[in-house]
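J.: Sharing a structure, written as structure tokens. Questions coming.
The values are calculated or read from the model by the stated rules, or taken from the named source; none is laboratory data. The structure presented is a predicted model; accordingly, all values stated were derived computationally and were not measured. FYI the Cβ positions are ideal-geometry reconstructions off the backbone, even for glycines, and counts take in every protein chain you see.
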Amino acid sequence: MPSTFLHTELLFASPTTAINIALAVSLCVLTPYALRQRKRARRMSKRLELSSERAEYYKQRYRLLTDSGRYKNKQALPEETSHLAMLDDEALFKQVDSLVRNEQLYLCSSFQRKTLIDRTGLPKERLGSIFKQYSGYDNLPAYVTALRLEHSCLMLREEPSLTVRDVAEASGFGDTRYFLRLFREQFGMTPSQYRCKHKASPNATFQV
């Protein structure tokens with residue numbers, strides 16, 4: 001047997017030779033393991049690098065949304081105001097809802113009714129009325145909160161590298177504790193529990 005032969009060689013070899021043989025055997029045994037560990041470490045490093053890049057991307061995107069002036073002092077053109085004012089309430093709501101969703105206005109933590117007044121040129125009374133009638137929520141703030149929670153769920157499911165605080169900020173919540181309270185009230189669990197539950201049940205859906 002090879003092991004018996006190796007044992008015999010070591011028994012009769014000089015101390016230096018025996019050490020060299022033992023080292024050679026150790027290298028033969030340890031080298032494949034070391035190579036596997038090195039490959040594994042490289043894969044983990046690559047995953048962490050990608051996760052870090054994605055997290056930074058969303059942080060930069062959030063900063064752009066809040067700091068670029070996209071939502072600040074952007075006034076509606078006269079022709080836009082005239083067109084919107086001529087629509088009936090239901091058609092008007094669809095237009096404004098499309099504006100809010102397509103431009104993701106709700107992701108700015110300072111978004112409020114005045115933002116829509118500036119963007120549409122419509123009076124606050126009519127805006128309040130159409131959201132109460134057609135949004136499915138009592139008022140504009142409730143509608144905006146629902147959109148932010150919906151966005152936070154998407155972030156929790158698709159961006160595991162983001163912290164809960166990052167998710168809150170990227171979803172338009174300026175206060176993480178406020179976000180946590182709203183999320184728990186809406187879903188009966190914390191954002192972290194939601195993320196874990198989604199991992200355990202990839203096909204599970206949670207409606208806002």
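J.: Please name all residue pairs, on different chains or six or more residues apart, with Cβ atoms under 8 Å, provided the first residue is in region 113-126 and is in the same structural domain as Tyr143 (by TED's automatic domain parsing) and over 16 Å from Asn139 (Cβ atoms) and the second residue is outside any helix (DSSP H, G or I) and among the aliphatic types (A, V, I, L, M).
T.: Final answer for the pair search is Asp118/Ala76; Arg119/Ala76; Thr120/Ala76; Gly121/Ala76.
J.: Moving to a separate point now. Somewhere in region 120-133, is a residue buried (at least 16 other Cβ atoms within 10 Å of the Cβ), among the hydrophobic types (A, V, I, L, M, F, W, C), closer than 22 Å to Asp175 by Cα and touching a Leu at 6+ places or on another chain (Cβ under 8 Å)?
T.: No, that holds for no residue.
J.: Quick check, is Lys124 touching an Asp or Glu at 6+ places or on another chain (Cβ under 7 Å) and closer than 24 Å to Ala91 by Cβ?
T.: No: the conditions fail for Lys124.
J.: Of the conditions (1) modelled with pLDDT under 95; (2) surrounded by 17 or more Cβ atoms within 10 Å (Cβ to Cβ), Phe206 satisfies every one except a single condition; which number is it?
T.: Only one criterion is unmet by Phe206, namely (2).
J.: Check Ser161 against each of (1) over 22 Å from Leu180 (Cβ atoms); (2) of a type in the set (S, T, N, Q); (3) at pLDDT below 95 and name the one condition it does not meet.
T.: The failed condition is (1).
J.: Considering each residue of region 82-119, count those that are more than 26 Å from Gly174 (Cα to Cα), touching a helix residue (DSSP H, G or I) at 6+ places or on another chain (Cβ under 7 Å) and not hydrophobic (A, V, I, L, M, F, W, C), and give that number.
T.: 3
J.: Residue check: is Pro160 more than 30 Å from Ser82 (Cβ to Cβ) and of a type outside the set (A, V, I, L, M, F, W, C)?
T.: yes
J.: A further question on this structure: What number goes with the only condition from (1) modelled with pLDDT of 95 or more; (2) surrounded by 20 or more Cβ atoms within 10 Å (Cβ to Cβ) that Gly188 does not pass?
T.: (2)
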